[in-house]
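Colleague: Take this structure, written in C-alpha cells, and hold onto it; I'll ask about it next.
The values are calculated or read from the model by the stated rules, or taken from the named source; none is laboratory data. For clarity, every value in this text was computed on a predicted model and none was experimentally measured. No Cβ is skipped: glycine too gets one built from the backbone with ideal geometry, and neighbour counts run over all protein chains shown.
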Amino acid sequence: MTRGVFIATTDIDSGKSLVAIGLMNKLSGKLKKVAYFKPIVKHFPNQSPNSHIDTITSYFNLEDKKSDLYAFTRDEVMRLRSEGNESMIIDTIIDKYKKLEETHDFVIVEGTDFESEGNTFELKINVEIAKNLGIPVILVVNGGNRTVDEVVDYMLSSVNSFAINEVQVLSSIINKASNEDVDAIKLICKKRLPAEIIFSCIPFHKGLNSPTMKEITEAVGGNFLFGKDFSSNLVGKYIVGAMQLRNLLLRLEENTLIVTPGDRGDIILAALQSNISKNYPRIAGMILTGGLLPEEPIIKLIEGLENIFPIVWVTSGTFETVAQVSATKSHIYADNKNKIETAIAEFEKHVDISSIEAKIEAYVPEGITPHMFQYQLVKRAMSNRKHIVLPEGDDDRIIIAASRLINQDIVDLTILGKVDDITNTVKRLNLNFDLGKVSIVDPKTSDRLETYIQCLYELRKSKNVTLEMARDLMTDVSYFGTMMVYLGEADGMVSGANHTTQHTIRPALQFVKTKPGVSTVSSVFFMCLPDRVSVFGDCAVNPNPTSAQLAEIAITSAESSKMFGIEPKIAMLSYSSGSSGQGEEVEKVRAATAMVKQLRPDLEIEGPIQYDAAVDPNVGRQKLPNSTVAGQASVLIFPDLNTGNNTYKAVQRETGAIAIGPMLQGLNKPVNDLSRGCTVDDIFNTVIITAIQAQ
C-alpha cells in the first residue's frame, strides 16, 4: 500500500482544498496519524494566517510543526529554478515528505495553486513532485464556466498530462460543475475515461464558492467600521448603491454586498432598515468608498443598533473597489467552520471514497526515480554507519566530497595524506569542513605501517614478494588503504580520482580477493536516467568476457540490483534480438543467457536482445512479444568492455544522466574505483554505495 496520495490540478480555482479536507476527514477516522504536506506554498504560513496549512492543522488538531508541512514558497522555487537548482527543489521536497512518512500512517500531499491558465511551470513541477515521491494522484478539474464537452476534454487532457509522464492517476474529480450538466458529464466520462480511473463529479455549491466579508475586506484593503463579528457572512452577489433608493431596494437579494460612496447616508440607512425587515432579504455587508465617512449623526445612530452587518471603509473609489470585489475568490479558512463542514459533506456526498481507498491500498509504485534513488542511498548509508578510506587526499575533489559527506553526517572517513597539506587545501577552497571529524593518516609516518608491511609480506611471500618489496608497496596509498580494509580498520575504500583502474584494484585482487563462488570481479554503474534508474554492467573491468564470465556478471549484477532496491530484469545485450542473428558474438551472449537460466531460474532474463528492444516497450513488443523483460529491462549486461564503456558514457553525455559508479562486485570487501574525470558528485555517490556494500 502506498503511504501517500497527491492531490493535483492543472487548473485555476479548481477547489482542490475541498478534496484535501474531505480526504483528511475520512482517513483521520480510520488511521491514527495522518499528515498534511503542501510542498510549495504561496506565502510562509506565519505571514499568511489564512493559509490552507492553518486551516488543516487547526480543524484537524494536527500537532506537526507548520514548518514541517511545506518545503518552499513559490518565490523561492522560482529563484532556485532561475539559478539552475531544480535538483535542490526536488531533493528537499523528498526529504521533508519522507520525514512525515516515517512518523505518520499516511500523508496527504496537496499540489500547487495555479496562478494562471495554461501555466506550464505549475504542471511540470506537480508532475515532477508526484513522480519523485512515488505516490498516485487524485486530479481535480474546475468544471465551472465550461460546456459539457469542454469540461470532459479538459479533464482527459489533464489526466493524459500525468499519464505520459508515468504518474498514475487513481481518481479524477470534476468540481464546481453546473448542476444541470452533472448527469451529462457523468455519462460521457463513463464512456471516455479509462476504466481504472475512479470518476466523481461535485456540483457547484454557492455557499462554498461565495467569498466571506472577511475575504473581501482583505482584498479591497478595507477596515471594519461596524459588524466585524459577522465577517464570516457569505457574499452571494454585489451591487453598486449609486441609484435612487427605490431602485436599490428592487435589486436586493439574499447575501447581497452593497458598494456605495461613504456620503450616501440615505443608502446606508435604507440598507440597515431593510436588513431587519421581514419583507427584504438579508444583507451580507456594505463597503463605503472614496475615503468618505458617514456624517456624525448617522454614525451615532448606527452605534446604537445591535447585530449590524459588516460595514467596511476604503480609500479607493467605487469603480476600483468593485473591480477588486469581483476578482475575489472564495477560500476555506480555519475560522469558518461552517464552510469546512459543508466541504466535508459535499465530498462525502459526491466522491466515491471507498473505491479510492481500495485503489490506494492496492497501489504499488513502479520503478524508482533518480532523485528517490539517491535519497534512499543516503538514508540507507546513514542507517548503519560505515568507515571509508579515501587514499587521494592530494586531490581537491576528494576533499570537497569529504566535506559534504561529513557535514551531512553520512559516514566516518579516513583521508590519506599529510595533515598540513589537507588543512591548507580546506582553507584554500574555503570549505566549511571540521577536520576534527576525520582521521588524516600519512602512510609513510603511520604507526601502523610496520604491521601492514609484515601482513602484506605474509600474504604475498608465496608470490615471491620480499619484505623490502612489501615495504616499498605499502608506502603506496592504494596498498595502504586496501590493507586498512583487509584488516577491518576501514569498511571500504574509494580511489581512482588520479590513479588508473588497475592501480586502484590490483591490491584488492591480490589479497582482499573474491567472495566464495565468485571467480570474476566485475562492475556496474547505476545510471540515473531522467525517468528511471538502470544497472549497466560490466563497463569498467573485463575487456572481453567469456560466456561463463558474462553469465556470472549477469547474476552478480542482478544481486547488486536487488541490494539497492531495483527489481532485476536482465537484458543480455547484443546486435540482434532473439533468434534473428548469427555470429560468434551473438552466440556468446546466447550461451551466457542459457547458463543464467540454468543456474538461476528465479531470475527474469532475455538474450540476446538489442538495446532499444530492452528499454523501449513499443520496440520490445514488436521484436519479442512474449518476453517479460523486453521493453522493461532494469539490468543491462554488455557483451564486452568496448561496448559497455562507450555506451554508458554516450548515455550519460546525451541524456544528462547521473552515472553512479563503477561499483566493483565480487570482492570480499568493498573497494571501488573512480574515473580520473570524476566529479565531486561522483565521489560523493561512490562513497555512499561503498558504505552500503559494507553493510
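Colleague: Between residues in segment 283-310 that are in the same structural domain as D263 (by TED's automatic domain parsing) and farther than 16 Å from A271 by Cα and residues that are assigned to a loop (DSSP other than H, G, I, E, B) and polar (S, T, N, Q), which pairs lie under 9 Å by C-beta distance while being six or more apart or on different chains?
Modeller: Filtered contacts from segment 283-310: G290/T315; G290/S316; G291/T315; G291/S316.
Colleague: A further question on this structure: Need a quick list: helices (runs of 4 or more DSSP H) entirely within segment 388-491 having at least 3 residues that are surrounded by 16 or more Cβ atoms within 10 Å (Cβ to Cβ), of a type outside the set (V, I, T) and in contact (Cβ under 8 Å) with a residue 40 or more places away in the chain.
Modeller: Filter on segment 388-491 gives 396-407, 449-460, 477-486.
Colleague: Taking S534 as meeting all but one of (1) modelled with pLDDT under 90; (2) part of a strand (DSSP E or B); (3) polar (S, T, N, Q), write down the number of the exception.
Modeller: Of the numbered conditions (1) modelled with pLDDT under 90; (2) part of a strand (DSSP E or B); (3) polar (S, T, N, Q), the odd one out for S534 is (1).
Colleague: Within the group V182, V167, which residue is among the β-branched types (V, I, T) and under 20 Å from D113 (Cα atoms)?
Modeller: V167
Colleague: Among the residues of segment 171-219 satisfying the criterion of being of a type in the set (S, T, N, Q), closer than 25 Å to I344 by Cβ and assigned to a helix (DSSP H, G or I), which is modelled with the lowest pLDDT?
Modeller: Step by step, filter segment 171-219, then rank; the result is N209.
Colleague: Just name the residue that is farthest from the chain's Cα centre (by Cα) out of those in segment 604-655 that are without any contact (Cβ under 8 Å) to a residue 12 or more places away in the chain and not in a loop (DSSP other than H, G, I, E, B).
Modeller: Q622
Colleague: Let me ask you something else. Regarding K190, is this residue touching a Pro at 6+ places or on another chain (Cβ under 9 Å), under 23 Å from I353 (Cβ atoms), in the same structural domain as E341 (by TED's automatic domain parsing) and of a type in the set (K, R)?
Modeller: no
Colleague: Further, regarding this structure: Out of all the residues in segment 576-589, is one or more closer than 27 Å to A691 by Cα and either outside the structural domain of D538 (by TED's automatic domain parsing) or outside any loop (DSSP other than H, G, I, E, B) (or both)?
Modeller: No, segment 576-589 contains no residue that is closer than 27 Å to A691 by Cα and either outside the structural domain of D538 (by TED's automatic domain parsing) or outside any loop (DSSP other than H, G, I, E, B) (or both).
Colleague: Kindly list the number of the only condition in (1) assigned to a helix (DSSP H, G or I); (2) of a type outside the set (A, V, I, L, M); (3) surrounded by fewer than 17 Cβ atoms within 10 Å (Cβ to Cβ) that fails for G677.
Modeller: Every listed condition holds for G677 apart from (1).
Colleague: Tell me, please, whether a residue that is closer than 24 Å to R74 by Cβ, of a type outside the set (S, T, N, Q), assigned to a loop (DSSP other than H, G, I, E, B) and at pLDDT 90 or above can be found in segment 136-154.
Modeller: Checked segment 136-154: no residue is closer than 24 Å to R74 by Cβ, of a type outside the set (S, T, N, Q), assigned to a loop (DSSP other than H, G, I, E, B) and at pLDDT 90 or above.
Colleague: Within segment 495-504, can one find any residue that is under 30 Å from E567 (Cβ atoms), crowded, with 16+ Cβ neighbours inside 10 Å and not basic (K, R)?
Modeller: yes
Colleague: Anything in segment 174-187 that is in contact with a helix residue (DSSP H, G or I) (Cβ under 8 Å, 6 or more places away or on another chain) and either among the basic types (K, R) or outside the structural domain of P203 (by TED's automatic domain parsing) (or both)? List them, or say none.
Modeller: K176 - this is the single residue of segment 174-187 that is in contact with a helix residue (DSSP H, G or I) (Cβ under 8 Å, 6 or more places away or on another chain) and either among the basic types (K, R) or outside the structural domain of P203 (by TED's automatic domain parsing) (or both).
Colleague: Something else about it: Kindly establish whether E348 is of a type in the set (D, E) and either on the phi > 0 side of the Ramachandran plot or touching a residue at least 12 places away in the same chain (Cβ under 8 Å) (or both).
Modeller: Considered against the rule, which asks whether it is of a type in the set (D, E) and either on the phi > 0 side of the Ramachandran plot or touching a residue at least 12 places away in the same chain (Cβ under 8 Å) (or both), E348 comes out as yes.
Colleague: Let me ask you something else. Quick one: K176 ticks every box in (1) surrounded by 18 or more Cβ atoms within 10 Å (Cβ to Cβ); (2) among the basic types (K, R); (3) more than 34 Å from the chain's Cα centre (by Cα) except a single one, so which number is it?
Modeller: K176 satisfies every listed condition except (3).
Colleague: If you scan segment 134-154, which residues turn out to be among the polar types (S, T, N, Q) and in contact with a Lys or Arg (Cβ under 7 Å, 6 or more places away or on another chain)?
Modeller: Scanning segment 134-154 gives a single hit, N142.
Colleague: Another question, if that's okay. Restricting to segment 562-589, give me the number of residues that are closer than 14 Å to I605 by Cα and out of contact with any helix residue (DSSP H, G or I) (no Cβ under 8 Å at 6 or more places or on another chain).
Modeller: 1
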